[in-house]
Structure formats: C-alpha cells, structure tokens
Amino acid sequence: MHPVITASVPLLEPPGWAIAQRALFDLLDQAWRQFARDYTGPDGRLNYRGRLTSRDGVDDFYEVFFNWPQLYLLGGADDLLAESERHWRGVTRQLTELGMLQDEYERGYDWFHQGESLLLFYFLCMAAPDRWRERALRFADLYVDPKHGNYDPEHRIITRAHNGSDSARTGLFDGASYPWLPQEAEMYGFPLDWLLPPDVDEPPRDRDPRLGRQMSERLGVGDTAVNLAATGLVLNALILSGEGKYRDWIAEYVDAWRERAAANGGTIPDNVAPDGTVGGLVGGRWYGGHYGWSWPHGWYSVGHAAMIGAIAAVEATGDESHLDLVRPALDEIIANGKTIAYTESDSSLCSKWTVQLAEDVSTPTLHVPFRHDDRGWFDYNPMLMAVPTALWHHSAADVDLWRLLRLRAASAHDWCTVRSFRSKEEAGHEEPWVAYLGGDNPDYPERILAAAQAQVRHRLARMARYQDRDVPEADIHLWQQSNPVVTEALVQLTWGAPQVIYNGGLQQARVRYYDADARRPGLPPAVAALVSSIDPEATVVELVNLDPQRRRTVIVQAGAFAEHTIHTVRHTVCRDGSWIGDLYDYGHREPEITEESLRVDGPWLAVELPASTRVRLTLVLTLRANHASYRTPFDEQAP
C-alpha cells in the first residue's frame, strides 16, 4: 500500500485550465481515430504504394505515430496503446517489404534519423515494458555486443556513421555519389568543401569529390557525435533489464566523448577516425563529421545527441558531471552569439523559425551560431531551447537556471507570448512555459491548451484535404505534417516536463500518473492535473476531479521512471463542512482551506478524489534517489 491522501476541498468553480485540458483529451481521441481510418490500412501500415529509392525514409514512417503511445501514457483512451502497437507492427512489416529493415531494425543509417524513428518504440516500451522487452534488448545489443560490427571497444567508437542491423551496409550511399539536391547545396553548402579550391568550377554531382568517394572514405567510417543518440537505445535496455553490460557501455562510450571534448577546450568535436583520432580523416579538424558541426544542422543535431548521451550517462552511473558533455559547447555558441533580426541572419532553418517567430522575425534579438567550418562560426539562429531547458529540468542546478535567465534577458521577444504552431518536434513553446514556472506568465495553461486545440483542428482540416492523395516518395512527410496528435501542452502542464528530445531521447518528467481503478498509466477520465512548480523542494501539483458523481483515484509517481523519491507532501484540506450552509440558505459560504502534511518516502503517492473535489500537493523530492525502471505502483515488488 502506498501513502494515501483523500481530497476534501470542494470543486465549486472548475478552473478554466482543467476544463480546457479535458476538452483537449476528448478532441485528441476523435482526431487519432480519424487519422487511422483515413491514412492507414487494416494491419496498421500507412497507405503507400510506392517504393523508397534511397536510405532515407524509415523515420518518416515511424514518426507519424511517435506521440500516440505518449498520449496513452498521459491519459489517452484505453485502446490507444493497442492501436499504437498495431501501427508499429504494420509499419515495421511495410518497411521490411521496402528493404529498409533487417530483423525489425534499421539496416544502417545515421542516428539523427534513427533517433527520430525510435521515439515510437521507446514510448511503447514505457507503456507496455513486458511486451517490448525482448526487442529492446535485442536492438541495444546491436551496439553493446561488438560481434555485430557497430562498436569497437578498443577505441571506444561506433565504427561508422551509417550503422544498424546490417553490417554489410557501409559508406553513406548506395550509388556513385551522395544524393545532394541542388536546393540542399544552396541552403547548406557542401560537406568537405575544402576539398574543392574556390577558383575551380563546380563539377557534376556524380563526379564531385565532396559527394563521392572522398565523402564515403572520410565521413562513412569512424565515429560521429550524432551517434551519441544511440545511448538512448541502450538506456532503454538498462531501464528494462538492469543488466550491468548496458550501464558499462553507456559509461564507456560517453566518457570517451567527454575526454575528446575536454581535449578540444570543452566543445565536443564531431568526428573520430577508426584509429580513435579526432580529425584523423578530415585534416585534423574537430568539425566536419557526418551530421556534425559543419553538416546540416550543426548544433541542432550535435546538441540533441550530446544531451541524450549526457542524461543517459547520469542515469546509468549517478555521476552528474556527465552533463559537462553539453554545457561547454552550449556556452560556447552563446558566447559567440550576436543581436540581429532573423531576417538578417544566414540561418538554414527558415521553415522552422518563420513560423515560430511570426511577427518577431524582424525584431533584433540574440542569435547563436549552429555551425562551424574553416570560416569559423556561422548559420545564426535564435537559441534552440530544447537543450538548455532539458538540461535545467534534469539537473535543477543553479548554473542551468541562470543560463535560462541570461537567455531570456538577451531575448528581445516576449517569452510570455504563446503562438499556435506545431513543429516537427512537437515542441517549441519552452520559453513561455519557463516563464510560467517562473511565476510571471499565469495565463499560460489556458493559452497553450487553446493553441493545442487550434493545431489539432488545423491538422484535421489538412487530413480532410489530402486523405485521397496517392502519396509519392517525395511527399512522405505529408503524414507527419498531418498527424493530429499534439502532446507538448499536456507534457508540460501535467508531467511538469519539456517535450521529449526529438532525436532519440527518453522522456523526462517531474511526476507521472496512474489510474488506480483501471490499473494503467495516465490520468483517469474527468481528472485534470497542473504542475506549476518543478522545484525539487517544492514541486506543486493540482489535481481536479471534474466528475460530479464518481470518485477517482490517482497514483502520483515521482519521475518518468520512478527514479525520484517523494519525502513529504503538504496538501490542501477542507475539514469544515459548514461551507454548504444551512437547509434554507440560498448560497454557500467560502470553504475554509488549510494544509496538512504526510510522510511518503517513496516514489508513489495515492490521491483519492471524491466527486467534485480538488487538491493542491506540494512535494519535497530527491531527484534520482532510485534506479530508473519501468516498474509500476501495481507491481508486487514495487515497495
């Protein structure tokens, strides 16, 4: 039995955020069902009759459903988990038939895209660990066990940029040259640009040394920083199994990259030759690796991968200093920032920022460089907030909070502004959320829920417009751009967490919930939750039961993986029933609300919510006091 609190504060006027939150759950339930009917076949695969002509595409099939099991974990419909599993199986069969997978896993591709592909899988493991354990361990062993050819324990490197289940897949492409499109050349330039002197005419694509044999020999072998995202796959196996080999591999691999970063003045390099030498294949440069600092998209790929690796190492070893894999590089790009308008920048991510900044594209504000090559730092963009926000959320350290405060002070746009957009990552509202947690954006919950509603309804309209389209290979992004499931608002408001790091991270959370009666993860029907503080010493959660007739019981879990401990909880109470008034009173009195405390000393707390009640919890937590695991409060061994 877990410690139990029974809510006693009457719910007289339901807060707007609670009504809006439950309305979003209802809308999402209709939306994902419509998408499944219009865009998928009987076995769960996507409606697609074409073929795939390059190594690219696996991520675009899985990404469509990445947050469907996440919605189930938040409190989505009971049948959403089975539906998400059906789509994973159907898409996996579909991709195997298209020649993209071997033994259910990517044959060989970069981890910028593999990480995107695996988010759906990670959330399925989180929701139904027993059913997905065998696959998770088998996939992780592709990297942990050197016999698969992906890892060299002597040099502590992943052996090639394109890696996976097919050890015979080498290099970066299957034809004579890398399929670098003219628009990519215009937007990003060329990899290995120093191979071609500036006064030489540009050769045809299939004879360009920057895209042919030189590229394969210099970038197709050895390690690259984006491979750090593989630690998410191995951390998932560690959480599922507790086996020491996964812990040891994460520690060994991340420590190797930390040493390389330390030798480079703190900034993580992006390439390692097969002999373990940084820059060994690119003329001694610490930059220039595949999906590294010079490649699209620079910090966008390197920073996400480094953050995934750092968090995995902390979870595996308990050593918080692994976060220094990220901090020096983050501080370096901030130090090289400058105040300009986005319209004056050399950004290569126009499609992202023009929507996210809206009218502020012309407002001078802090821009930081995402890329580095022989010219130095370039490709200036507004700060991508996913990494500094995830870093602060994980560490709760003053140094990481101060960085956020400095970034806010350097921003000319208002961090309290909430815009309705849905990026590829289903994220991007970190600034107004951080401002809300800081206490000066009180309307944020209702505004972000309204923005989420707008995006679902926009996606439903897009779905209706394109539902009969025969999708060609060039347009396979249509599915993820039409996916009507939006979860960022629910993750922030109910779990007190940033959205998952998109290129292969595992979910962070201050708290999660279980429906005690249904014995499943997620908020029960009619229950809404709001986290207004994530301070470990005072994590504040409000629970509201909107049902006027039925009692609900919520189990609050500390952490995404029960890794935190709740020491004590202060909670609101109303012990005096006189607020109801006398028999002939026309109105009610104001309830007298006080606080009481309860000792918990564990990861779980049960909260009984009688009909039309609410309770405010203030939790005192110790972060990462327990090993992360997929255990639930219903497991026999849970205590």
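The values are calculated or read from the model by the stated rules, or taken from the named source; none is laboratory data. In this text, all values refer to a predicted model and were calculated from it rather than measured experimentally. Backbone-built Cβ (ideal geometry, glycine too); neighbour counts: all protein chains shown.
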List the number of the failed condition for Asn381; all other conditions in (1) of a type outside the set (Ser, Thr, Tyr); (2) surrounded by fewer than 22 Cβ atoms within 10 Å (Cβ to Cβ); (3) modelled with pLDDT of 95 or more hold.
(2)
Consider Ala529 carefully, then state whether it is touching a Ser or Thr at 6+ places or on another chain (Cβ under 9 Å), aliphatic (A, V, I, L, M) and under 23 Å from Ala435 (Cβ atoms).
yes
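In the range 558-598, how many residues are among the small types (Gly, Ala, Ser) and at pLDDT below 95? Show your work before the answer.
Taking the range 558-598 first, the residues among the small types (Gly, Ala, Ser) are 558-560, 562, 577-578, 581, 587, 597.
Imposing the further condition that a residue be at pLDDT below 95 reduces the set to 577-578, 581, 587.
Residues meeting the conditions: 4.
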Scope the range 585-639; condition of a type in the set (A, V, I, L, M, F, W, C) and touching a Cys at 6+ places or on another chain (Cβ under 6 Å); matching residues
Ile593
Note on Val544: of the conditions (1) within 23 Å of Tyr122 (Cα to Cα); (2) in contact (Cβ under 8 Å) with a residue 24 or more places away in the chain, unmet is (1)
Among the numbered criteria (1) surrounded by fewer than 18 Cβ atoms within 10 Å (Cβ to Cβ); (2) farther than 26 Å from Cys350 by Cβ; (3) not hydrophobic (A, V, I, L, M, F, W, C), which single criterion is violated by Asn236?
(1)
Matching residues in the range 2-33 (farther than 16 Å from Gln492 by Cβ and either in contact with an Asp or Glu (Cβ under 6 Å, 6 or more places away or on another chain) or in a loop (DSSP other than H, G, I, E, B) (or both)) number 11
Looking only at residues in the range 1-43 that are farther than 30 Å from Trp479 by Cβ and small (Gly, Ala, Ser), which one is nearest to the chain's Cα centre (by Cα)?
Ala18
With the structure loaded, tell me whether Ser301 is touching a residue at least 12 places away in the same chain (Cβ under 8 Å), buried (at least 22 other Cβ atoms within 10 Å of the Cβ), among the hydroxyl-bearing types (Ser, Thr, Tyr) and part of a helix (DSSP H, G or I) or whether it fails that test.
yes
Search result, residues across the range 227-280 that are in a helix (DSSP H, G or I), closer than 27 Å to Glu217 by Cβ, among the small types (Gly, Ala, Ser) and more than 21 Å from the chain's Cα centre (by Cα)
Ala256, Ala261, Ala263
Filtering the range 402-429 down to residues that are within 21 Å of Thr539 (Cα to Cα) and part of a loop (DSSP other than H, G, I, E, B) yields His429
Tell me, yes or no, whether the range 536-545 has at least one residue that is hydrophobic (A, V, I, L, M, F, W, C), buried (at least 18 other Cβ atoms within 10 Å of the Cβ) and in a loop (DSSP other than H, G, I, E, B).
no
Being of a type in the set (Asp, Glu) and crowded, with 19+ Cβ neighbours inside 10 Å is the filter; apply it to the range 102-140 and report the residue that is nearest to the chain's Cα centre (by Cα).
Glu116
The one condition in (1) touching a residue at least 40 places away in the same chain (Cβ under 8 Å); (2) over 33 Å from the mean Cα position of the chain (by Cα) that Thr632 fails to fulfil:
(2)
Select from the range 570-619 the residues that are among the polar types (S, T, N, Q) and either in contact with a strand residue (DSSP E or B) (Cβ under 8 Å, 6 or more places away or on another chain) or in a strand (DSSP E or B) (or both) and write down the one among them that is surrounded by the most Cβ atoms within 10 Å (Cβ to Cβ).
Thr613
Among residues of the range 316-338, those that are closer than 21 Å to Thr365 by Cα and either surrounded by 15 or more Cβ atoms within 10 Å (Cβ to Cβ) or in contact (Cβ under 8 Å) with a residue 24 or more places away in the chain (or both), counted
9
Determine which member of the set Pro445, Pro498, Pro432 is in a helix (DSSP H, G or I), of a type outside the set (Ser, Thr, Tyr) and surrounded by 23 or more Cβ atoms within 10 Å (Cβ to Cβ).
Pro445
Just one of Gly90, Gly99 is over 21 Å from Tyr514 (Cα atoms), at pLDDT 95 or above and not in a helix (DSSP H, G or I); which is it?
Gly99
May I ask you to list the residues in the range 339-365 that are surrounded by 14 or more Cβ atoms within 10 Å (Cβ to Cβ), more than 24 Å from the chain's Cα centre (by Cα) and in contact (Cβ under 8 Å) with a residue 24 or more places away in the chain?
Ile340, Ala341, Tyr342, Ser345, Asp360, Thr363, Pro364, Thr365
Every pair of residues 6+ apart whose Cβ atoms lie under 9 Å, when the first sits in the range 525-538 and is closer than 13 Å to Ala558 by Cα and touching a residue at least 40 places away in the same chain (Cβ under 8 Å) while the second is part of a strand (DSSP E or B) and of a type in the set (D, E, K, R)
Ala538/Arg570
